[in-house]
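Visitor: Just passing along the structure, written as structure tokens.
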2 protein chains.
Amino acid sequence: MTQNNQWILRERPQGALDARHLELRRVERPLPADGEVLVRNLYVLVPPAMRLWMNAQDSYVPAQPLGQTMMGITLGIVEASNDPALPVGTHVNGMGGCQEWFTAPAAQLMALAPHPEVPLAAYRSVLDVQGLTAWAGLHEVCRPQPGQTLVVTAAAGSVGSLVCQLGAQMGLHVVGIAGGADKCRWLRDDCGIAATIDYKADDVGARLDALCPRGIDRVFENVGGPVLDLLLERINDGARIALCGMVASYNGGGTQSAQALMRLVTKAARIEGFLVRDHFHRYAEVAAQLQALLLEGRLKYRIDILDGLAQLPLALDNLFHGRNQGVQLLRLAPERGG
Amino acid sequence: MTQNNQWILRERPQGALDARHLELRRVERPLPADGEVLVRNLYVLVPPAMRLWMNAQDSYVPAQPLGQTMMGITLGIVEASNDPALPVGTHVNGMGGCQEWFTAPAAQLMALAPHPEVPLAAYRSVLDVQGLTAWAGLHEVCRPQPGQTLVVTAAAGSVGSLVCQLGAQMGLHVVGIAGGADKCRWLRDDCGIAATIDYKADDVGARLDALCPRGIDRVFENVGGPVLDLLLERINDGARIALCGMVASYNGGGTQSAQALMRLVTKAARIEGFLVRDHFHRYAEVAAQLQALLLEGRLKYRIDILDGLAQLPLALDNLFHGRNQGVQLLRLAPERGG
């Protein structure tokens, strides 16, 4: 077996992604050069931002080039090594692409030391970008005071569910907005978030009024669209909205009400976008905190795994239709000991 | 003459204001009670926010009650006094309403000490709320670094023109967006702002690209609407947008592109609304700074005066059609010495 399957971006989607935009191709498996390692990808993360990377305009990373291996955030295992810093069998996080195998200089990869009681996939989700995003958005951008009301959108999602739990643990009144009774039930029964809103079934404005009798002080926003307008209409003086994403707009189009945004002025409030990139200096500390919470059973999470590289389009489609349950990962090969 | 003319809000406008919403009525002139003074209004400020006050929903002030004297920001002169702190002849700023006369406790008014070389009207405009708004939005919200690019909308307006000049004085590359060749010419020739965009005639996006070759670091935003979308599409990492107002939305409707707002995430940027209310503790210091600049001829401003209380609807109409030239004031009586 010396082959490598990989997705390439064939055409830039204008709206929703479909079959013609991505192509699965088979190429030769690469050989590691001096100072490089050969990694077999075990997991590829499928975040909503992957859709943004496909646009012609640079996002927080340069635009994905056409005809090239689709960028991918991966967890893999070193299978051949020309650098003693990363011996064969080491688990590594990296930007390994949407493919089965890749080579990279050892310095571009991060060696993991997985805890035996924590699933390996957690190191490419809750204990990685999602966890740091939740932590940074809450503590560095929202900066809430205990007793304040925090509303989280995509609250059952990979980041939102962590924000809800970390917020509740610091004494906030947390209201989670998610799509569907199942997601709301999981938030209530497993994550301990009593106040939930099912945006697919509930009158969101009326539920917000009922669940936020003292108004909204902080928002952790993942979605945008009409729900954000409803939130803006209910913010308190000095409110802060941490803008993590606006998934509702990723496939194009979408507007926000200018009158709702005008509430930023009349409430001297702010919307602040942020990137986990700017918070990586806190990574080790935050990952250790979160792993301790996991081991104590105080932080619930869900990982939605699809088996096989070929499932990338389905994974993206599930994501944009809210059919995933937690962090969306592709599993390319079975886990095994390091 | 013991009468008092005053505007009352008869009906709440849904969209644009028209004749049926406001009514000019004649009532008895009030008498000052113990500890009160009787003030004759000389100037009433007509800010765009006056339209917001008329909405049923509270803005940064409680909603204007129906059937009551329309709220107004005034400069007047004490004509009768039951408080030795404010003798007859003192000029006072206050919330005197859209009317010719009012009474108030002395403590609710601010005594002025007008400089003989500064027009009295400046104390209800450039040296007051407009000046403090410009100063606070620039220094406390935008917080720019010398050399950065600052774009100002409604740049020939009462606040925007001050922001442009204060920004240029601190070494920013200032680009002013205003409506019409006259306003742009005034900014260039009188205020020394070389880079201007006439949003009514120019291709705003193309002009921004030409005038902001290094992107946009800071925005002082008064307008909202499509121009804000164009600005968001050009912001740099860590950009800050001080949101002073969104005049384009005050008459209802209006949207912002969700994709443009998503740039807040990918650029880790923020939109921050602010109210001059939160900066009044700097008032004395800032007013003194600005008065010194005025006296040195280093701060240009325009005041657009309409004579007579009856001109309020015209003043508002001019404002929302960009026909005013600088701060819009109504003059109710001739100035005279204090």
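Visitor: So, in the range A:223-233, of the ones that are touching a Gly at 6+ places or on another chain (Cβ under 8 Å) and surrounded by 21 or more Cβ atoms within 10 Å (Cβ to Cβ), which residue ends up nearest to A:Ser161 (Cα to Cα)?
Guide: Out of the qualifying residues, it is A:Val223.
Visitor: Also, I was wondering about something else. Scanning for something of a type in the set (Gly, Ala, Ser) and crowded, with 21+ Cβ neighbours inside 10 Å, does the range A:62-77 turn up at least one residue?
Guide: The answer is yes, given that some residue of the range A:62-77 is of a type in the set (Gly, Ala, Ser) and crowded, with 21+ Cβ neighbours inside 10 Å.
Visitor: Would you check if there is a residue in the range B:205-212 being closer than 22 Å to B:Leu166 by Cα, more than 12 Å from chain A (Cβ to nearest Cβ), in contact with a Ser or Thr (Cβ under 7 Å, 6 or more places away or on another chain) and modelled with pLDDT of 90 or more?
Guide: yes
Visitor: Suppose the filter is surrounded by fewer than 22 Cβ atoms within 10 Å (Cβ to Cβ), in contact with a strand residue (DSSP E or B) (Cβ under 8 Å, 6 or more places away or on another chain), among the small types (Gly, Ala, Ser) and in contact (Cβ under 8 Å) with a residue 40 or more places away in the chain; does A:Ala80 pass it?
Guide: Details: surrounded by fewer than 22 Cβ atoms within 10 Å (Cβ to Cβ): yes; in contact with a strand residue (DSSP E or B) (Cβ under 8 Å, 6 or more places away or on another chain): yes; among the small types (Gly, Ala, Ser): yes; in contact (Cβ under 8 Å) with a residue 40 or more places away in the chain: yes.
Answer is yes for this residue.
Visitor: I want to confirm something. Restricting to the range B:209-222 and keeping residues that are aliphatic (A, V, I, L, M) and surrounded by fewer than 23 Cβ atoms within 10 Å (Cβ to Cβ), which single residue is farthest from the chain's Cα centre (by Cα)?
Guide: Of all residues in the range B:209-222, those aliphatic (A, V, I, L, M) come to B:210-211, B:216, B:219.
Then keep just the ones that are surrounded by fewer than 23 Cβ atoms within 10 Å (Cβ to Cβ); that gives B:210-211.
Numbers: B:Ala210: 29, B:Leu211: 26 Å.
Only one residue fits best here, namely B:Ala210.
Visitor: Which residues, counting only those in the range A:33-51, are away from chain B (no Cβ under 14 Å), under 24 Å from A:Phe274 (Cβ atoms) and open to solvent by 10 Å² or more (accessible area, probe 1.4 Å)?
Guide: Passing the criteria: none in range.
Visitor: Let me ask another. Hey, can you tell me all the residues within the range B:206-234 that are part of a strand (DSSP E or B) and under 22 Å from B:Leu319 (Cβ atoms)?
Guide: If the condition is that a residue be part of a strand (DSSP E or B) and under 22 Å from B:Leu319 (Cβ atoms), then B:Val219, B:Phe220, B:Glu221 are the ones that fit.
Visitor: While we're here: B:Arg25: basic (Lys, Arg) and surrounded by 12 or more Cβ atoms within 10 Å (Cβ to Cβ), yes or no?
Guide: Working: basic (Lys, Arg): yes; surrounded by 12 or more Cβ atoms within 10 Å (Cβ to Cβ): yes.
For B:Arg25, the condition - basic (Lys, Arg) and surrounded by 12 or more Cβ atoms within 10 Å (Cβ to Cβ) - is met.
Visitor: Still on this model: Of the residues A:Gly254, A:Gly238, A:Gly308, which is within 14 Å of another protein chain (Cβ to nearest Cβ) and over 26 Å from A:Gly167 (Cα atoms)?
Guide: Exactly one residue qualifies, and that residue is A:Gly254.
Visitor: Just to be sure, is A:Asp237 buried (at least 20 other Cβ atoms within 10 Å of the Cβ) and either without any contact (Cβ under 8 Å) to a residue 24 or more places away in the chain or not in a helix (DSSP H, G or I) (or both)?
Guide: no
Visitor: Given the criteria within 24 Å of the chain's Cα centre (by Cα) and within 14 Å of chain B (Cβ to nearest Cβ), does A:Met54 qualify?
Guide: yes
Visitor: All but one of (1) at the interface with chain B (Cβ under 9 Å from one of its Cβ atoms); (2) in contact with a strand residue (DSSP E or B) (Cβ under 7 Å, 6 or more places away or on another chain); (3) acidic (Asp, Glu) hold for A:Asp217, so report the exception by its number.
Guide: (1)
Yes/no per residue for (1) modelled with pLDDT under 95; (2) among the basic types (Lys, Arg); (3) touching a Leu at 6+ places or on another chain (Cβ under 8 Å):
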position	(1), (2), (3)
B:Gly157	yes, no, no
B:Ala178	no, no, yes
B:Gly192	no, no, no
B:Asp203	no, no, no
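Visitor: Now for a separate question. In the set A:Gly137, A:Gly160, which member is in contact with a strand residue (DSSP E or B) (Cβ under 6 Å, 6 or more places away or on another chain) and within 17 Å of A:Ala239 (Cα to Cα)?
Guide: Going through A:Gly137, A:Gly160 in turn, just one is in contact with a strand residue (DSSP E or B) (Cβ under 6 Å, 6 or more places away or on another chain) and within 17 Å of A:Ala239 (Cα to Cα): A:Gly137.
Visitor: Restricting attention to the range B:63-91, which residues are out of contact with any helix residue (DSSP H, G or I) (no Cβ under 9 Å at 6 or more places or on another chain) and under 17 Å from B:Ile8 (Cα atoms)?
Guide: Listed by number, the residues that qualify are B:Pro65, B:Leu66, B:Gly67, B:Gln68, B:Thr69.
Visitor: For the subset of the range A:257-292 comprising residues that are of a type in the set (Val, Ile, Thr) and more than 7 Å from chain B (Cβ to nearest Cβ), which member is nearest to B:Ala49 (Cα to Cα)? Even if it seems obvious, please write down each step before you answer.
Guide: Our first condition is that a residue be of a type in the set (Val, Ile, Thr); within the range A:257-292, this holds for A:265-266, A:271, A:276, A:286.
Keeping just the survivors that are more than 7 Å from chain B (Cβ to nearest Cβ) gives A:276, A:286.
Values: A:Val276: 37, A:Val286: 45 Å.
The selected residue is A:Val276.
Visitor: Out of the residues in the range B:163-198 that are in contact with a Cys (Cβ under 9 Å, 6 or more places away or on another chain) and assigned to a helix (DSSP H, G or I), state the one that is surrounded by the fewest Cβ atoms within 10 Å (Cβ to Cβ).
Guide: B:Ala168
Visitor: Same structure, new question: Specify the residue that is farthest from A:Gln291 (Cα to Cα); the eligible residues are those in the range A:99-141 that are over 12 Å from the mean Cα position of the chain (by Cα) and of a type in the set (Ser, Thr, Tyr).
Guide: Filtering the range A:99-141 for residues that are over 12 Å from the mean Cα position of the chain (by Cα) and of a type in the set (Ser, Thr, Tyr), the one farthest from A:Gln291 (Cα to Cα) comes out as A:Thr103.
Visitor: Further, regarding this structure: Determine if the range B:138-152 includes at least one residue that is in contact with a helix residue (DSSP H, G or I) (Cβ under 6 Å, 6 or more places away or on another chain), more than 30 Å from B:Val37 (Cα to Cα) and open to solvent by 30 Å² or more (accessible area, probe 1.4 Å).
Guide: no
The values are calculated or read from the model by the stated rules, or taken from the named source; none is laboratory data. Please read all numbers here as calculations on a predicted model, not as lab measurements. With ideal geometry, Cβ positions are generated from the backbone for all residues, glycine too; neighbour counts draw on all protein chains shown. These accessible areas exclude ligands, DNA and RNA; they are computed on the full protein's heavy atoms, side chains included. Shrake-Rupley method; radii C 1.70, N 1.55, O 1.52, S 1.80 Å.
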